[in-house]
Amino acid sequence: MKTNIIWKIKTFDEFTVPELYNVLKARIDVFVVEQNCPYPDLDDYDQKAVHIWAEENGYVLANCRIFDRGIKYPEASIGRVLTTEKARGKRLGKQLIQYALDTIEARFHTDEVRISAQDYLLKFYGEFGFEDTGKKYLEDDIPHTEMLYRKNNKSFSY
């Protein structure tokens, strides 16, 4: 089966209007509708992020945004990570995180990355070398844990 998946990496100012619409739609579909979590998705951080996503025929399949050091945390960070319902089970989430880590290292020249992970994904992120910092909290009634990655801790083999 031939796939037409295209990976894109863009800053906010590089987005076309249709790309921005499709990324925001995917985030709302997953975080607000699917996870039943009304929250202010437009948080004024999109303009400071580098956005990474996979799309097929204009539909976003996986998406995240990455930040340089000092924007969300002292370390670089990854956030708004998602795989849309129709794309789950295709390993796009793993590709997305690897692209995010590689892009952070190439663009921001650091290998320290902090994330806020939903607890059900701790094992997933652990496969990349993210470690539980012990900081746990509820965000929008969903249990989260802060995790930290350093390249030398990486144990995941792609």
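Key figures
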{"quantity": "Unsatisfied cross-links (Cα-Cα over 21 Å) in the set K10/K94; K8/K48; K25/K48; K8/K123", "calculated": "K8/K123"}
{"quantity": "Relative contact order computed over the chain (Cα-Cα under 8 Å; 6+ residues apart), in percent", "calculated": "17 percent"}
{"quantity": "Nonlocal amide H pairs with A49, under 5 Å, H built at 1.01 Å", "calculated": "F12"}
{"quantity": "Dipole moment magnitude, nearest 20 debye, the chain about Cα centre, only Lys, Arg, Asp, Glu C-beta charged", "calculated": "540 debye"}
{"quantity": "Karplus-derived 3J(HN,Hα), 6.51/-1.76/1.60, for each residue of segment 67-74, Hz, glycine and proline x", "calculated": "10, 6, 4, x, 8, 9, 9, x"}
{"quantity": "Per-selection metrics, segment 1-87 (Cα): Rg and Dmax in Å", "calculated": "13.1, 43"}
{"quantity": "Prolate/oblate/rounded call for the chain, Cα gyration tensor, a/c under 1.5 rounded", "calculated": "rounded"}
{"quantity": "Amide H contacts under 5 Å for E131, placed H, 5+ residues apart", "calculated": "L148, Y149"}
{"quantity": "For segment 32-106: relative contact order, % (alpha-carbon pairs under 8 angstrom, 6 or more apart)", "calculated": "25 percent"}
{"quantity": "Residues R88 and Y21, FRET efficiency given R0 of 25 Å [Cβ-Cβ distance, rounded to 0.05]", "calculated": "0.70"}
{"quantity": "Those aspartates and glutamates that a straight Cα-Cα span of less than 18 Å connects to K151, excepting residues fewer than 8 apart in one chain", "calculated": "D68, E75, D102, E105, D111, E112, E127, E131, D132"}
{"quantity": "Under-5 Å amide H pairs with A62, H placed in peptide plane, nonlocal only", "calculated": "A54, T84"}
{"quantity": "Listed residue (T11, V33, I66) projecting farthest to the positive dipole end of segment 6-117, Cβ model", "calculated": "V33"}
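The numbers here are math on the coordinates, done by the rules we state, and not lab data. Just so you know, these numbers come straight off a predicted model, no measurement behind them. Here the Cβ is made from the backbone with ideal geometry for all residues, glycine too, and neighbour counts use every protein chain on show.
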